[in-house]
1. Take the residues in region 365-376 that are within 21 Å of the chain's Cα centre (by Cα) and under 19 Å from D338 (Cα atoms); name whichever of them is farthest from the ligand (Cβ to nearest atom).
2. If I go through region 103-140 residue by residue, how many of them are more than 18 Å from G46 (Cα to Cα) and hydroxyl-bearing (S, T, Y)?
3. Has region 274-285 got at least one residue that is assigned to a helix (DSSP H, G or I), within 9 Å of the ligand (Cβ to nearest atom) and on the phi < 0 side of the Ramachandran plot?
4. Could you give me the residue pairs with C-beta distances under 6 Å whose first residue belongs to region 324-338 and is of a type in the set (A, V, I, L, M, F, W, C), whose second residue is within 7 Å of the ligand (Cβ to nearest atom) and at pLDDT 95 or above wherever it lies, and which are 6+ apart or on separate chains?
5. For E374, indicate whether it is more than 19 Å from A230 (Cβ to Cβ) and acidic (D, E).
6. Does G412 count as on the phi < 0 side of the Ramachandran plot and either assigned by TED's automatic domain parsing to the domain that holds R300 or not charged (D, E, K, R) (or both)?
7. For region 307-321, state whether one or more residues are over 17 Å from the mean Cα position of the chain (by Cα), assigned by TED's automatic domain parsing to the domain that holds C373 and without any contact (Cβ under 8 Å) to a residue 40 or more places away in the chain.
8. Restricting the search to region 213-240, which residues are over 21 Å from the mean Cα position of the chain (by Cα) and small (G, A, S)?
Amino acid sequence: MTRVDFTLNDSPVSWEGPALARLLDVLRDELGCTGVKCGCREGECGTCSVLLDGALVNSCLVAMGAVTGRTVLTIEGYRRSERFAALDTAYARHGAVQCGDCTPGMILASEALLASNPHPSEEQIRTALSGNLCRCTGYNSIVAAVSDAARDGGSLWELPGEKSVAQAGSGLPLAGSGDAVVSDAGAAAGDSDVAVSGASATPTPSATAAAPPAALTLSDALRLRDEQQALPYAGGTDLMVAGASAASAGKDAAATQAALFLNNIPELKGIREDAENLYIGAACTYSQLLDDPRTPAVLREAISQIAAPAIRNVATIGGNIANASPKADSALILYAADAQLRLQSAHGQRDVALGDFIRGRGQTSLGPDELLCEIILPKAHLGNYRYQKIGARKALAISRVSFVGLFAEEDGVIKHLAVAFGAVADTVIRRPEIDASLIGCTLAEARERKDAWLAAWEDAIVPVAGRVSAEYRKTVCLNLLRAFISEQLG
Ligand SMILES: Cc1cc2nc3c(=O)[nH]c(=O)nc-3n(C[C@H](O)[C@H](O)[C@H](O)COP(=O)(O)OP(=O)(O)OC[C@H]3O[C@@H](n4cnc5c(N)ncnc54)[C@H](O)[C@@H]3O)c2cc1C
């Protein structure tokens, strides 16, 4: 059993239970927050959206152990604010709600957007809501409602120092709910002094907020990993989905295993650079990387197409690698850039090439006492690029084929050329020996050798069938390859 102290809708909560219990289930079943709706339980619909330290997350993918010391805001807490009233009124005015199941999540996603960007464009609104599905109303009226709320109530989101409701707590201007479109169901939590109840939850008297957790040092984490072989949990977006399918098959080993929460280890969240390399902490989230100007453009482009904001707020680059999926979109870029991984244990550290670390679908050479700590990216390998992700839709799309080509030249001589194909075979396809045939060539020489290079790649791409046929994958790969090399060589 793990004890988790956190703040829910301004009230401190002390909860005990399994560390990998879902925040969604605890909120609904134990803490009375039934405004948090349960939809897909796989992070694909957004009905369970809540704000965690002001950031939009899918509560179905957040393990309780990752909530320690943090603030959770659900619709029950948010509905007491003037900001809610402004959004609620705009949603009602535009008829932007029908069955209402998605509405609490939509409203919180709208709040998360406006708190960081009080005057968003239509495109920014659509991106912010892209992980929240609505099957009745249609998005136009929802987008119009958010746009109106921003226009009419923009100053509400511009209060000095008030970046997010969850951080601001109850200092928010209170309001009635006007033409309320969000139901009262489950509004008890956050509306009273004794804000929570539940079999294993006890409100902490007189405290105003759970104390922030003391950060775990990396050496503490490595000791725990060594002693208990605790399961690394970074953002949980792969683990919690895998846990759900294992549980439904009656074999949820992860539910009983000790978990090591990496989200509160500062050494794993840093980004630094020197003249040759960029060093990215394994627990950097995608949102953190998108916000950091040092993130290379090609990595930024791949990350901006991963899932939707609520996933990007918690999912990490290290988790994408360690999960060892051939569809991993950020890992694809790291393959082409010849990234090295720094692995550490209580007994030492080693650097290993990404291509050697990943041994097959879901298989890596990570030792039971090791953690992936840092990703080392050689800057010289990040010149021109072409990145393409082929999926079934724009947001929340899993790659059917993904491609990256990196190209760097100096004084007309090719210094680096690398291509990689994701979602095509059991691991990312990367063949440095083929690309080496053009490295060191002048552009004119490379043009002459281009056909031989393409032919070698044609043999090397051996796709497997999946959601799409092997033939389709091969055709798409070759088209992308030809487009890339023609762009670079002219
Ligand atoms: C709805 C949805 C959409 C998605 N869309 C995409 C997409 O478009 N593209 C894509 O690539 N992925 C996608 N994913 C998958 C997932 O979000 C990513 O793979 C993400 O980067 C995983 O990171 P995480 O921090 O959540 O990993 P976790 O789930 O925490 O961990 C994943 C695995 O890595 C291990 N691990 C994590 N960190 C470390 C570490 N530092 N050291 C050692 N082991 C570690 C864990 O033990 C676990 O085995 C999606 C997932 C969902 C639910």
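1. Initial filter on region 365-376 (within 21 Å of the chain's Cα centre (by Cα)): 371-376.
If we keep only those that are under 19 Å from D338 (Cα atoms) as well, we get 372-376.
Values: L372: 4, C373: 7, E374: 9, I375: 10, I376: 14 Å.
Here the residue is I376.
2. 2
3. Initial filter on region 274-285 (assigned to a helix (DSSP H, G or I)): none.
No, every residue in region 274-285 fails to be assigned to a helix (DSSP H, G or I), within 9 Å of the ligand (Cβ to nearest atom) and on the phi < 0 side of the Ramachandran plot.
4. A328/N320; A331/N320
5. Yes: the conditions hold for E374.
6. no
7. Kept after step one, since they are over 17 Å from the mean Cα position of the chain (by Cα), are these residues of region 307-321: none.
No, every residue in region 307-321 fails to be over 17 Å from the mean Cα position of the chain (by Cα), assigned by TED's automatic domain parsing to the domain that holds C373 and without any contact (Cβ under 8 Å) to a residue 40 or more places away in the chain.
8. Answer for region 213-240, where residues must be over 21 Å from the mean Cα position of the chain (by Cα) and small (G, A, S): A214, A215, S219, A221, A230.
The values are calculated or read from the model by the stated rules, or taken from the named source; none is laboratory data. Please read all numbers here as calculations on a predicted model, not as lab measurements. Neighbour counts run over all protein chains shown; Cβ positions are idealised from the backbone, glycine included.
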